[in-house]
Number of protein chains: 2
Amino acid sequence: MGASTKEGKKIAEKSRKIVKKLIKDKIEGLSPEEAAIIERIVHSTADPEYADITRMSQDFIPKTIKVLRDLEDILVDVEMVKAGISYDGKIKCYINHPNVIKRAKDKNMTRAAAAMEYAASKDFNGVVIVGNAPTALLKVIKLTKSGMGVKSIIGVPVGFVGAAESKKLLTRTNIPYLTTSGPKGGTPVAVAAANALINLTKKGEEY
Amino acid sequence: MGASTKEGKKIAEKSRKIVKKLIKDKIEGLSPEEAAIIERIVHSTADPEYADITRMSQDFIPKTIKVLRDLEDILVDVEMVKAGISYDGKIKCYINHPNVIKRAKDKNMTRAAAAMEYAASKDFNGVVIVGNAPTALLKVIKLTKSGMGVKSIIGVPVGFVGAAESKKLLTRTNIPYLTTSGPKGGTPVAVAAANALINLTKKGEEY
């Protein structure tokens, strides 16, 4: 899983077996694609609870795989998410963009939220991945209502302030989503989900 | 906590209060510096269990704060950790360096481990932060025995293969350390600990 050397692959394979065993009962009945995503999240966090709290809309996997196979742009909330994803397409992160920093101050919003507004103003319309900031997820949901053409969202912000609420709201939209219920989530969850999906784009052409 | 706008600071403050309340009993008796680090880890992961499993050697905080205040180099295992740390000094990450990729293949080791060997060959002697790869932590521990001058280690690799063992080994060295017991850990834990310590360097001159 992300490993490139023989030694790294051996470790990843061993980990995969342990994870499969740990969450066997929890992923029974899931499709192989759903199971692959959840296994990777548990592998990356060493936290089997993610098998209980990860949720995907029915259309999430086929729609997201299609967009990623076409190498459409990904938009992320923070640089840590960008640093972790292996993708042949473009990954945009605007949180450190001077316009975003100014906009956040002027409009008294978080930089993560201002970055989403900036992306919308640039007509972003690919896959959005929020691994950290609930305010970014809330902003994207709002922007889609006023015309931002997001195709799919991996929305797994973390924390005790607003994260659970923002993710609940995501499940009530029509946007294909992957999320986690409750306060838990974070950049490794976002990265694991994204890399698992990118991996699935390389396995056959069923989507 | 990392927030730069008024809105961001308000959210961070609210989160800090919730975290303090959640782990109050667990951090009783800790120094304010230890508590600050653990609070930040729980804030970043939304996982109170980190208050139970985070361990520091007695000399870890004063030694690490001194090194970070002097802006000595930080060495990290993966780019995600680098992306998350706010530091005025240099953060080195060699996992994508061509020499490291070649060395890993030639010597059949993980790139994360080869990156540590490469850093040692460059006479690295600051703070090492391992947020992902147990093999990197094992390698650094080994290298210190043959002369690598590491001043302090934040060693919180994650996973079911080797992570717990590598962290246990760290606690048996003479290197000042912060770690987590068991398989849990990861890049947000590493980043939270590092940023909390960097923040402490700015608070008075007691060290």
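Here segment B:22-40 is the region considered, the condition is being among the aliphatic types (A, V, I, L, M) and farther than 19 Å from B:Y177 by Cα, and the residue that is surrounded by the fewest Cβ atoms within 10 Å (Cβ to Cβ) is B:L22. Applying the selection to segment A:93-119, what residues are surrounded by fewer than 17 Cβ atoms within 10 Å (Cβ to Cβ) and of a type outside the set (S, T, N, Q)? Across segment A:93-119, the qualifying residues are A:H97, A:P98, A:K102, A:K105, A:D106, A:K107. Is there a residue being buried (at least 24 other Cβ atoms within 10 Å of the Cβ), within 20 Å of B:E49 (Cβ to Cβ) and basic (K, R) anywhere in segment B:152-168? Checked segment B:152-168: at least one residue is buried (at least 24 other Cβ atoms within 10 Å of the Cβ), within 20 Å of B:E49 (Cβ to Cβ) and basic (K, R).
Which ones in segment A:1-16 are in a loop (DSSP other than H, G, I, E, B), of a type outside the set (A, V, I, L, M) and at the interface with another protein chain (Cβ under 9 Å from one of its Cβ atoms)?
Of the residues in segment A:1-16, the ones in a loop (DSSP other than H, G, I, E, B) are A:1-5.
Next, only the ones that are of a type outside the set (A, V, I, L, M) stay: A:2, A:4-5.
Those that are in a loop (DSSP other than H, G, I, E, B), of a type outside the set (A, V, I, L, M) and at the interface with another protein chain (Cβ under 9 Å from one of its Cβ atoms): A:S4, A:T5.
In the condition set (1) away from every other protein chain (no Cβ under 14 Å); (2) closer than 27 Å to B:T45 by Cα, A:A136 is compliant with all but (1). Would you mind stating whether A:V19 is more than 22 Å from A:G149 (Cβ to Cβ), open to solvent by less than 40 Å² (accessible area, probe 1.4 Å), in contact with an Asp or Glu (Cβ under 7 Å, 6 or more places away or on another chain) and assigned to a helix (DSSP H, G or I)? So A:V19 fits the description; yes. Out of A:V81, A:V127, A:V76, one residue alone is away from chain B (no Cβ under 11 Å), open to solvent by less than 20 Å² (accessible area, probe 1.4 Å) and within 24 Å of A:A196 (Cβ to Cβ). It is A:V127. Every residue in segment B:105-116 that is under 29 Å from B:N195 (Cβ atoms) and in a loop (DSSP other than H, G, I, E, B), please. Matches in segment B:105-116: B:T110 only. What pairs come out if I take residues in segment B:168-186 that are farther than 14 Å from B:V128 by Cβ and pair them with residues that are open to solvent by 20 Å² or more (accessible area, probe 1.4 Å) and aromatic (F, W, Y) whose C-beta lies under 9 Å away, six or more apart or interchain? From residues that are farther than 14 Å from B:V128 by Cβ, the pairs are B:T171/B:Y177; B:P183/B:F160.
Within segment A:41-63, can you find the residues that are under 19 Å from A:S31 (Cβ atoms), touching a helix residue (DSSP H, G or I) at 6+ places or on another chain (Cβ under 7 Å) and surrounded by fewer than 18 Cβ atoms within 10 Å (Cβ to Cβ)? Within segment A:41-63, A:R55 is the sole residue that qualifies. Among the residues of segment B:144-167, write down those that are of a type in the set (D, E, K, R) and within 14 Å of chain A (Cβ to nearest Cβ). Those that are of a type in the set (D, E, K, R) and within 14 Å of chain A (Cβ to nearest Cβ): B:E165, B:K167. A residue that is farther than 21 Å from A:I61 by Cβ and either modelled with pLDDT of 95 or more or in contact with a helix residue (DSSP H, G or I) (Cβ under 8 Å, 6 or more places away or on another chain) (or both) can be found somewhere in segment A:170-183.
Can you tell me which of B:K90, B:K66, B:K122 is closer than 23 Å to A:K82 by Cβ, away from chain A (no Cβ under 14 Å) and open to solvent by 50 Å² or more (accessible area, probe 1.4 Å)?
None of the other options fit; the residue is B:K90.
The values are calculated or read from the model by the stated rules, or taken from the named source; none is laboratory data. Remember, predicted model here, so these are calculated numbers, not experimental data. Ideal geometry is used to build each Cβ from the backbone, glycine not excepted, and the neighbour counts take in all protein chains shown. Calculation scope for accessible area: heavy atoms of the full protein, side chains included, ligands and nucleic acids excluded. Shrake-Rupley method; radii C 1.70, N 1.55, O 1.52, S 1.80 Å.
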